[in-house]
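Visitor: Dropping a structure here in structure tokens format, bear with me for questions.
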Amino acid sequence: MTQLALVIDLNVCVGCHACVTSCKQWNTSGWAGPLADHNPYGAGPTGTFFNRVQTFEVGRFPATETLHFPKSCLHCEEPPCVPVCPTGASYKRPDNGVVLVDYDKCIGCKYCSWSCPYGAREYDELERVMKKCTLCIDRILDLTLPERERKPACVLACPTSARLFGDVHDPDSEVSIAIRERGGYALMPEWGTQPANHYLPRRKARLHIDPDELKRVDNPLRREDLTRYTGEEAVDDVAW
Amino acid sequence: MHPALSVLFLTTLIGAGQGLFLALYTGQLYALAQLLPAQGSGFYVGGSVLALGLLVLGLVASFFHLGRPERAWRTATKWRTSWLSREVIVLPAVMGLVALYGLAHALELTARPWFTLAGILPVDATLVVGLLGTLATFALYGATAMIYASVRFLPEWHSPLTVANFLLLGLASGFLLAAAYSAWLGNELVTFFGFWAVVATGLGLVTRGASLRRLGRIKPKSSPQTAIGIRHRTLVQIAQGATAGSFNTREFFHGASPATLQWVRRLFLMLVFPLPVLLLVVGHALASRWLPLVAFGVQYLGLLLERWSFFAEARHPQNLYYQGVA
Ligand code: SF4
Ligand code: SF4
């Protein structure tokens, strides 16, 4: 079974929002209709987005660290938002594990949003249906696109390659290897939702230099032994 | 959670409507057992119309909650997994049975029993329809409450107490309305309905009180640390990814101050429990026609506040990603 997902590297995300804008651009211009905005150029702009980048500050000044945190639907393997939907508009694709909303069936009751602990679903006030990240389903499965473009818009837009995309069930995929070897973790594991998306932790690149490395015993470049010998037996004199 | 007016009205109106229907049918059964004076069909017809009216108003209110009410029929499809779907199926069933019950009384079908049970109990259409209606009504109380009680992400709701509260408070207001209805007609059943209204109100106080006490002890399962996966005690949100809020800040926050929450809680505890009982007792002593009606009005207002508080006091884990608002 395939489970498509994103792996987001918090270590390299710089919080530029390129994924947010490219997601909005792709998904507001597709077959599924616009992602409505309200008051986009006014004082209080608000609207529907599939993907948001949030910023957190970790620690207390001066020992602080800024963390940029992209957040979208995690395409849970046990999605609690799906069974509660009364119409069947919310579903998980059996072939690739992407969780989707059928905008033609949704009645906009918002009940599914109550059953997502991550706040990943957003109600579209204009279309009056529930919306959420589709992993650019209309792009990743579009065989008319060249293969390297069959990726979610956010993944292609990310200038630091903080977003990896692939099948997390395939142990040899780029995403699986990243999760396995770089400490990938899931959000809010306490709910048992088994998010397919994973996050790679921040890591500090600390260079540890051992004193030994500064003054290597067998350093060939060290100055030659300048001891003035006064007749005592030196190692070299020993007759072997 | 943000308390949506449509849902406050939906749950309180259908709760009272179902309770009223149960009161009528209970009255009929008692009359059949000759524990109460028998009523003419007009009494049941009027009561059924009233109950049906409340159910219809509730249904209308619920449509205001939907983005696409014209597709509401689709909700009946996922009854295997969704309590919301189950409610949407049972609600029209209850409405239909209440209407049939009123109709059977209007046609005076009580006079034409189908058969006689054990030689003493004449079974007619109203009795059978009423029994089915009773079952459907209890199922509806359950389904409505389970919509909330089954959301495991909201520990404030995820408890059998939620079901008990919806049931008992619905019964209380329904029986109170039956008492008000009888008092208005000058019917002697007011004492019977009033008594059961007081009992349901008292039991409701016990379960609602227990749920309020439970609220204070709830430990949230998620924390900012599990939400973003960083192990540090100090995690402050700087930006939530939206300039002027989003669906997440509108749907999951009530925007009221803790002080408001406190006084709403105190107010509903007064309006739902002691005040209507007091009014009912005074009304009984004075044999007043309208005091029971006032009692129902006061309790209904209190129930709206109770539902508001029920929503406002529930804190969703997604709020951890929107700390700027909390
Ligand atoms: S992140 Fe939320 S919306 Fe997405 S699959 Fe999981 S529970 Fe459903
Ligand atoms: S808002 Fe739409 S997708 Fe969500 S539960 Fe209701 S019908 Fe289903």
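Visitor: Taking 0.36 nm per residue of sequence separation and subtracting the Cα-Cα distance, how much length would be gained by fully extending the chain between B:V282 and B:V123, in nm to one decimal?
Guide: 53.4 nm
Visitor: A further question follows. Would you pull out the residues with amide H under 5 Å of A:L10's amide H, same chain only if 5 or more places away, H placed 1.01 Å from N?
Guide: Residues meeting the amide H criterion: A:L200.
Visitor: To continue, here is another question. Provide the gained length on full extension for the span B:L132 to B:R233, in nm with one decimal, where the gain is 0.36 nm per separating residue minus the Cα-Cα distance.
Guide: The span from B:L132 to B:R233 would gain 30.7 nm if fully extended.
Visitor: Which FRET efficiency, nearest 0.05, do B:K219 and A:Y229 yield, Cβ-Cβ r, R0 45 Å?
Guide: Efficiency at R0 = 45 Å is approximately 0.05.
Visitor: Per 10 Å bin, what percent of the C-alpha pairs of segment B:231-326 does each bin hold, from zero upward?
Guide: With 10 Å bins starting at 0, P(r) equals 15, 30, 22, 16, 11, 5, 1.
Visitor: Give me the base-10 log of I(q)/I(0) for segment B:83-158 at each q in 0.14, 0.22, 0.23, 0.25 Å⁻¹, Debye formula, one uniform scatterer per Cα, rounded to two decimals.
Guide: -0.57, -0.90, -0.95, -1.03
Visitor: Filter the trypsin sites (Lys or Arg not before Pro) in segment B:191-286 to those in DSSP coil with at most 14 other Cβ atoms within 10 Å of their Cβ, and list the result.
Guide: B:K221, B:R231, B:R233
Visitor: So, one more: Roughly speaking, what is the centre-to-centre gap between segment B:102-145 and segment B:172-192 when only Cα atoms are used, to the nearest Å?
Guide: First find each Cα centre; the distance between them is then 20 Å.
Visitor: OK, next. Assuming a ≥ b ≥ c are the square roots of the Cα gyration tensor eigenvalues, decide whether segment B:59-99 counts as rounded (a/c under 1.5), prolate (otherwise, with a/b larger than b/c) or oblate.
Guide: oblate
Visitor: Check which residues have an amide H placed less than 5 Å from B:V123's amide H, if you skip close sequence neighbours.
Guide: When sequence neighbours closer than 5 places are left aside, the close amide H contacts are B:W114, B:F115, B:T116, B:L117.
Visitor: Further question on the same structure: Among residues other than A:H38 whose Cβ falls under 15 Å from its Cβ, what is the net charge (Lys/Arg +1, Asp/Glu -1)?
Guide: -2
Visitor: Let me ask you something else. Between B:L212 and B:T81, what is the label-to-label distance in nm when each label sits 7 Å out along the Cα-to-Cβ direction?
Guide: Taking the simple label geometry, B:L212 and B:T81 are separated by 3.8 nm.
Visitor: Once you treat every alpha carbon in chain B as an equal point and sum by Debye, what is log10 I(q)/I(0) at q = 0.13, 0.15 Å⁻¹?
Guide: Scattering profile of chain B, log10 relative to I(0): -0.98, -1.22.
Visitor: Still on this structure, I have one more. Quick one: Karplus J couplings for segment B:159-171, per residue in order, coefficients 6.51, -1.76, 1.60, θ = phi - 60°, nearest Hz, x for Gly and Pro?
Guide: Using θ = phi - 60°, the values come out as 7, x, 4, 4, 5, 4, 5, 4, 5, 5, 5, x, 4 Hz.
Visitor: Rounding to the nearest 20 debye, state how big the charge dipole of the protein assembly as shown is about its Cα centre with +1 on each Lys and Arg Cβ and -1 on each Asp and Glu Cβ.
Guide: Value, rounded to 20: 1500 debye.
Visitor: To the nearest 20 debye, what charge dipole does segment A:37-103 have about its Cα centre, counting +1 at the Cβ of each Lys and Arg and -1 at the Cβ of each Asp and Glu?
Guide: 100
Visitor: Rank B:L304, B:L140, B:L235 by mean-square fluctuation in a GNM of chain B with C-alpha springs under 10 angstrom and give only the top-ranked residue.
Guide: For chain B, modelled as a Gaussian network with Cα springs under 10 Å, the answer is B:L235.
Visitor: Still on this structure: At most 15 other Cβ atoms within 10 Å and a DSSP loop assignment: could you name the GluC sites (Glu not before Pro) in segment A:41-110 that fit?
Guide: none
Visitor: Whole-Hz ³J(HN,Hα) for each residue in segment A:104-117, computed from phi via Karplus 6.51 cos²θ - 1.76 cosθ + 1.60 with θ = phi - 60°, x for glycine and proline: what do you get?
Guide: 8, 9, 4, 9, x, 7, 6, 5, 4, 5, 5, 9, 10, x
Visitor: While we're looking at this one, here's another question. Specify the angular offset, from 0 to 90 degrees and rounded to the nearest 10, of the alpha carbon long axis of helix B:291-312 from the longest principal axis of the alpha carbons in chain B.
Guide: So the inclination is approximately 30 degrees.
Visitor: Using a 1.4 Å probe on the protein chains only, how many percent of the accessible area of segment B:104-245 belongs to carbon and sulfur?
Guide: 68
Visitor: Where is the GNM fluctuation largest for chain A (alpha-carbon springs, 10 angstrom cutoff): A:T66, A:T21, A:T227?
Guide: A:T227
Visitor: What do the square roots of 5 times the Cα gyration tensor eigenvalues come to for the protein assembly as shown, in whole Å, largest first, as semi-axes of the equivalent ellipsoid?
Guide: Working through the eigenvalues yields semi-axes of 64, 27, 21 Å.
Visitor: Can you list the HN-Hα couplings for segment B:114-130, worked out from phi with the Karplus curve (6.51, -1.76, 1.60; θ = phi - 60°), rounded to whole Hz and with x for Gly and Pro?
Guide: 6, 7, 10, 8, 6, x, 10, 9, x, 9, 10, 4, 4, 5, 5, 4, x
Visitor: Pop a pseudo-label 7 angstrom from the Cα along the beta-carbon direction at both A:R180 and B:E188 and give the gap in nm to one decimal.
Guide: 8.4
Visitor: If you don't mind, there's one more thing I want to ask. Taking amide H atoms as placed 1.01 Å from N in the peptide plane, list the residues 5 or more away in sequence, or in a different chain, whose amide H sits under 5 Å from that of A:F165.
Guide: Residues meeting the amide H criterion: A:V7.
Visitor: If the chain between A:N39 and A:T144 were fully stretched, how many nm would it gain, using 0.36 nm times the residue separation less the Cα-Cα distance?
Guide: Here the segment from A:N39 to A:T144 would lengthen by 34.2 nm.
Visitor: Excluding A:V99 itself, what net charge comes from residues whose Cβ is under 9 Å from its Cβ, given Lys and Arg +1 and Asp and Glu -1?
Guide: Its environment carries a net charge of +3.
Visitor: Now for a different question. Please determine, in degrees from 0 to 90 and to the nearest 10, the orientation of helix B:41-63 with respect to the longest principal axis defined by the Cα atoms of chain B, where the helix direction is its Cα long axis.
Guide: Tilt relative to chain B: about 20 degrees.
Visitor: When Lys and Arg each count +1 and Asp and Glu each count -1, what net charge do the other residues less than 13 Å away from A:A5, Cβ to Cβ, add up to?
Guide: Once positives and negatives cancel, what remains is 0.
Visitor: Right, here's the next one. Stick to the Cα atoms of segment B:18-68, pair each with every other, and give me the Kirkwood hydrodynamic radius in Å at one decimal.
Guide: With all distinct Cα pairs of segment B:18-68 included, I get 12.4 Å.
Visitor: How far apart, in nm, are two points set 7 Å out from the Cα along the Cα-to-Cβ line at B:A259 and at B:R289?
Guide: Going from the B:A259 label point to the B:R289 one covers 4.5 nm.
Visitor: Relative to the longest principal Cα axis of chain B, at what angle does helix B:5-32 sit, 0 to 90 degrees, rounded to 10?
Guide: 30
Visitor: Quick one: compute the contact order of segment A:124-196, relative version, from alpha carbon pairs under 8 angstrom and 6+ residues apart, as a percent.
Guide: 13
The values are calculated or read from the model by the stated rules, or taken from the named source; none is laboratory data. Predicted, not measured: the structure shown is a model, and the values here were computed from it. Cβ atoms come from the backbone with ideal geometry, glycine included; neighbour counts cover every protein chain shown. Remember, those area values only see protein heavy atoms, side chains included, never the ligands or the DNA or RNA. Shrake-Rupley method; radii C 1.70, N 1.55, O 1.52, S 1.80 Å.
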